[in-house]
Structure formats: C-alpha cells, structure tokens
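These notes are about the structure you will find just below.
The values are calculated or read from the model by the stated rules, or taken from the named source; none is laboratory data. Here the structure is a predicted model, which means the values were calculated and not measured. Cβ coordinates were reconstructed from backbone atoms using ideal geometry, including for glycine residues, and neighbour counts include every protein chain displayed. Just the protein is used for accessible areas: all its heavy atoms, side chains included, with ligands, DNA and RNA removed. Shrake-Rupley method; radii C 1.70, N 1.55, O 1.52, S 1.80 Å.
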Amino acid sequence: MALSHLKSSASGSNFLKPLATAFSLRRPISTSTDPLTIETSIPFTTHRCDPPSRTVDTSPQELLSFFRDMATMRRMEIAADSLYKAKLIRGFCHLYDGQEAVAVGMEAAITKNDSIITAYRDHCTFLGRGGTLLEIFSELMGRQGGCSSGKGGSMHFYKKNSGFYGGHGIVGAQVPLGCGLAFAHKYNKDDAVAFALYGDGAANQGQLFEALNISALWDLPIILVCENNHYGMGTAEWRAAKSPAYYKRGDYVPGLKVDGMDALAVKQACKFAKEHALKSGPIILEMDTYRYHGHSMSDPGSTYRTRDEISGVRQERDPIERIRKLIAIHDLATEKELKDIEKEVRKQVDEAIAQAKESPMPEPSELFTNVYAKGMGVEAYGADRKEN
C-alpha cells in the first residue's frame, strides 16, 4: 500500500512514556501548569541541521487544552460535512480532520505576532488563531457574520488582527505571499516569523522554489511547512514526486521531518524552527500527517486508497487519541470527564451552527465592495456609482 510506511508501531513507541515529573500527579489537576516532560513519538529526521530534543516540556493544562481544541476542530469539520451534504454549504469545501495536531502544536509554539498563511484547508488554522465557531460556520454558509463577511467561503478565511492571512485557493500561491510576510517582519524588526503552509500536492510548484531562493538570499524569517498528508487530490505522493522527502527539497536550506500526528512533536519542531528562522533564515518543516476525508467534499476519498488504510491510521496514529492516552497515563482526567468535554464541544458546535443560520446573507451591493482600494479614484464604480 502507498501508506504502509505510515503505520508506526504502537507497542514500540515511547510516546506514552513520561521522562520526568515535578510532582506526584493526582487527579483532578485540570488547571495545573506544573511541568511535565514527555518524549516525542519518534525521532526527528533532519537535513543540514541538528535535531531538536525529543523531550518536550508541557503541562497538564496544555495537554487538556490540546484535547479540547482538537476535539473542537474534529467536531467542527464533521459538522461541516453534514452541512455540505444538506446544501447549506456550497462550492468547494476541504476538511482538515486527522491533521489537527499540526494546527494545535504550531499555535503552542508561537504567538499572535507571528504570521500564518495557508492554502484552502484552512478552517482549523483559523480556529487556532483565535477565530470563533460562529465566524466559521457563518462564513461557510455565506452569511454576513462570517470572518470574510460571507464573501470568501470555505477557502478564504482571514483574521489579520491575529496574524492569519488566509485561506488561498490557488495551489502554492500562498508561499510567495508568506515570504513577503517574513520580509515585513524582518523590515519591521519585530522578532516575529512567518509560517507558510502548503500540501505535498503543491510541493513541486516553481513559485515555491523561487520564493525560497530569495528568502534564503535575504535570510528572511520564514518557515515553510509542508503538510504531507500523502495525497495531492487523488494522487499518491510517490506517483507525483520523484523525491518525496520534502524536508530535503530546500537543498541549501535546512529541513526537519516531523510526526505531524503528534501535537507535542509539532510544538517542539515549530519552536525550534522559529528560533532558527530568527537567527539564520528559512527552514522547511515536513509534517507527516493524514486526512480522513477526501481531498474535498466532492471526493469520497476511497477510490485511490483503501478503507483499511484509513482505519489503520485512525487506530494507530490518531492525534486526539494519542493525547487522550497521555491524559490517562498521567491521571489528569477520567474517561468520563473527557467524554463530558466532547459532549460540551458538540453542544458548542450545534449552538454556533444555529446562530450562524440566523445571520443574514450579504446585501447584493456587497458584490462591489472590497474590490478597489479607497482613495484611488475608482469609487465611482459598482455600488458607489451614482446614476445621472
């Protein structure tokens, strides 16, 4: 199978083995920020750099927040599937379930001063940046209350005040824009970095290499993040890329391969990458991850891979179940308490959907707004034009 190499040995994994604790854990400690040190699931693989430590500093509070955040993302995407099938979401819709550890782990390592730009599988990244469920479902259903006023839809989420610059529908086009964000950070000397996310299907784009070249020449603080879910639309990576070791694709730029189903490994890698980018310029992170849905809602996702392959990844590498097991090992919450969190998440999602349905559709005049920059002498066009 194309993904036989993805299945890690659960019995041989060190993911669940604590290395040290600062205290004797007793439940409940849901709000504790006392330190925990945990080892990543597998070692990092490197190109032209030394690996970060496999031991990750975390806390009970962070692990429980990881669980809640990923459970929210998972439930949100499943609900979006249902809304799409009910024809309440129209157009393109690309779901992120299975890849939640990338969004959650990345946020844990950075601040809102750092910039993120991604492709069209953007719902969970927006939520991680501080967006709300109401904004998400309103935008998905084309309502005024959406993050882009109902005019962007699934592929064009945006939250500039939290450093999230989209949501882009053109394959690979967000990478040069991300390098531009990195240029702005360097120019402003604000000690922040830019993360430009793209899939393995975009990894062969020429514009990616052009942008990386100039970023390396100028030592821009850019982290290129290849979310390798192993299928570009319906094409397996081995059929599309002569060299699918995407973390090595930078040649002269360092790279790191990360278990993208391990939120703590993602956190450690992004922290390492930010430190590197601020000091030495670009670095590539390849997140080894997996999507459970098809490429988009028009793709059943089962014609180019088997159901056994999908269920195998769910059983052995699911990012939420990994965190659930860590919480159980350290006695941070009971199974019932985790189930209660999931019930609460479901209720929050359902309430957000109900509120989003009450939000009105954009006015027809909105077709002509946000097209031209104000003050450039073009306001006479469209909605602003006055009839003689």
**Asked** Within the range 235-254, which residues are surrounded by 15 or more Cβ atoms within 10 Å (Cβ to Cβ) and assigned to a loop (DSSP other than H, G, I, E, B)?
**Response** Ala241, Pro244, Arg249, Gly250, Val253, Pro254
**Request:** Taking Ser365 as the residue in question, decide whether it is surrounded by fewer than 11 Cβ atoms within 10 Å (Cβ to Cβ), among the hydroxyl-bearing types (Ser, Thr, Tyr) and at pLDDT below 95.
**Result:** yes
**Prompt:** Which one of these is at pLDDT below 95 and either out of contact with any His (no Cβ under 9 Å at 6 or more places or on another chain) or surrounded by fewer than 21 Cβ atoms within 10 Å (Cβ to Cβ) (or both): Thr45, Thr31?
**Reply:** Thr31
**Message:** Tally up the residues in the range 255-271 that are open to solvent by less than 10 Å² (accessible area, probe 1.4 Å) and either assigned to a helix (DSSP H, G or I) or modelled with pLDDT under 95 (or both), please.
**Reply:** 6
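Return a yes/no flag: does the range 160-178 have any residue that is in contact with a Pro (Cβ under 9 Å, 6 or more places away or on another chain) and basic (Lys, Arg). Step through it out loud before you land on a result.
The initial filter retains those residues of the range 160-178 that are in contact with a Pro (Cβ under 9 Å, 6 or more places away or on another chain), namely none.
The answer is no; no qualifying residue exists.
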**Asked** Out of (1) farther than 30 Å from Lys186 by Cβ; (2) acidic (Asp, Glu); (3) out of contact with any Phe, Trp or Tyr (no Cβ under 7 Å at 6 or more places or on another chain), the odd one out for Asp57 is which?
**Response** (1)
**Message:** Looking at the range 87-124 only, could you name the residues that are open to solvent by 10 Å² or more (accessible area, probe 1.4 Å) and either more than 27 Å from Arg322 (Cα to Cα) or at pLDDT below 95 (or both)?
**Reply:** Lys87, Leu88, Arg90, Gly91, Phe92, Asn113
**Request:** Determine whether Ile136 is aliphatic (A, V, I, L, M), touching a residue at least 24 places away in the same chain (Cβ under 8 Å) and closer than 27 Å to Gln61 by Cβ.
**Result:** yes
**Complete:** Matching residues in the range 334-352 (among the acidic types (Asp, Glu) and under 13 Å from Leu134 (Cα atoms)) number 2
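Of all helices (runs of 4 or more DSSP H) completely enclosed by the range 125-231, which ones contain at least 1 residues that are open to solvent by 40 Å² or more (accessible area, probe 1.4 Å), modelled with pLDDT of 95 or more and aromatic (Phe, Trp, Tyr)? Explain how you work it out, then say what you get.
Values: elements: 133-140, 174-188, 206-217.
Once the helices (runs of 4 or more DSSP H) in the range 125-231 are filtered for at least 1 residues that are open to solvent by 40 Å² or more (accessible area, probe 1.4 Å), modelled with pLDDT of 95 or more and aromatic (Phe, Trp, Tyr), what remains is 174-188, 206-217.
From the residues in the range 241-294 that are β-branched (Val, Ile, Thr) and in contact with a Gly (Cβ under 6 Å, 6 or more places away or on another chain), which one is nearest to Gln207 (Cα to Cα)? Step through it out loud before you land on a result.
At the first step, the residues of the range 241-294 found to be β-branched (Val, Ile, Thr) are 253, 258, 266, 283-284, 289.
Pick out the ones that are also in contact with a Gly (Cβ under 6 Å, 6 or more places away or on another chain) and you get 266, 284, 289.
On the way: Val266: 26, Ile284: 15, Thr289: 24 Å.
So, considering only residues that are β-branched (Val, Ile, Thr) and in contact with a Gly (Cβ under 6 Å, 6 or more places away or on another chain), the one nearest to Gln207 (Cα to Cα) is Ile284.
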